[in-house]
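Values quoted throughout were computed directly from the atomic coordinates according to the rules given, and no laboratory measurement underlies them. For clarity, every value in this text was computed on a predicted model and none was experimentally measured. Ideal geometry is used to build each Cβ from the backbone, glycine not excepted, and the neighbour counts take in all protein chains shown.
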Amino acid sequence: MPWMDRVEATRIAAELLTDELVVCSTPMVSSYVRALAHRDRNFYLLNSMGMACSVGLGLALARPDRRVVIFDGDGAVLMNAGALTTTAAHWPTNLVHVVWNNASYEATGGQASHAAGRTDLCTLARGAGLEQCAVADTLDDFRQGFRSCLRDPGPWFLVANVQGRKEDVAGRVLRERPEAIKKRFLDAADAQ
């Protein structure tokens, strides 16, 4: 299946983001967002695979006045799928969970994830109790879907089926110290 280009999808996300707080998972997801859509309101998790959903949920609950967007990977979601049930239990209407699904564990060598087989991520999210689920296979689908997620009450779960370019964006986030990422994000999150 010819899925959409992740670089172009990330650029669309950057165009549509305004004052939302963003949580990025894994070094690969963080690297793409850092390279193509950096903002002070982005929080980059480093080596915390599977934890973006939990961090984003906590942030959404702590800041109900702000829209919170999670950029996650399919492997990371599968690693901590139980967090989806916690999101459904708390039902934060200000939360948007975007999953860049390339059907692989890219950060560890590109091994196929279970999203490459019988596991359907939207079905998984719906089974956890998240009702607003969408899949985007094209850039137009992604633009329309992400726009709806940013506008309409959530929680939202948007699966963006992507293929990556072989551009080297990995490692750019890792040059920034975790303490600096945290300070910059907190300062920006507190600013209105």
> Considering only DSSP beta bridges whose two residues both sit in segment 4-190, what percent are antiparallel, to the nearest 5?
Replying inline: 5 percent
>> Along the Cα→Cβ direction, 7 angstrom out, place labels at residue 65 and residue 48. What is the inter-label distance in nm?
In response: 2.3 nm
> How high is the relative contact order of segment 4-190, in percent, with contacts defined as C-alpha pairs under 8 Å that are six or more residues apart?
Replying inline: 28 percent
> Taking one equal scatterer on every alpha-carbon of segment 4-190, how large is log10 of I(q)/I(0) by Debye at q = 0.13, 0.14, 0.15 1/Å?
Replying inline: -0.58, -0.68, -0.79
> Can you give the extra length, in nm with one decimal, that the chain gains between residue 147 and residue 5 once fully stretched, where that is 0.36 nm per residue apart less the Cα-Cα distance?
Replying inline: 49.3 nm
> Between residue 38 and residue 177, what length in nm is gained on full extension when 0.36 nm per residue of separation is reduced by their alpha carbon distance?
Replying inline: 48.5 nm
> Using a basic spin-label model with each label point 7 Å from the Cα along Cα→Cβ, how many nm lie between residue 139 and residue 190?
Replying inline: 4.0 nm
